[in-house]
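Everything on this sheet refers to the single structure shown next.
The values are calculated or read from the model by the stated rules, or taken from the named source; none is laboratory data. As the structure is a computational prediction, the values presented were derived from the model and not from experiment. No Cβ is skipped: glycine too gets one built from the backbone with ideal geometry, and neighbour counts run over all protein chains shown.
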């Protein structure tokens, strides 16, 4: 009864406090003159995404053993 209502009120109050903190933090980040929007779109971000490209250091997934050990081979936890 009352505990549930009090808990719901606390959650709403906390959410309002968190929103106020983030609002205060973001006030200085976004300035009105920061966006230009007048030029051509960036070639890497302007169109639809193409096929995924591997990053440097990426390797194909190994085709070896599975990371999951069958239960028959697991160490017993029974004392």
- Note on the structure: Exactly one of 41, 56, 49 is modelled with pLDDT of 75 or more and under 27 Å from the mean Cα position of the chain (by Cα), and that residue is 56
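Collect the residues in the range 61-77 that are at pLDDT 70 or above and either in contact with a helix residue (DSSP H, G or I) (Cβ under 6 Å, 6 or more places away or on another chain) or assigned to a loop (DSSP other than H, G, I, E, B) (or both), keeping them in residue-number order.
Of all residues in the range 61-77, those at pLDDT 70 or above come to 68-77.
Those that are at pLDDT 70 or above and either in contact with a helix residue (DSSP H, G or I) (Cβ under 6 Å, 6 or more places away or on another chain) or assigned to a loop (DSSP other than H, G, I, E, B) (or both): 68, 69, 70, 74, 75, 76, 77.
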- When residue 8 is run through (1) surrounded by 10 or more Cβ atoms within 10 Å (Cβ to Cβ); (2) modelled with pLDDT of 75 or more, the failure sits at (2)
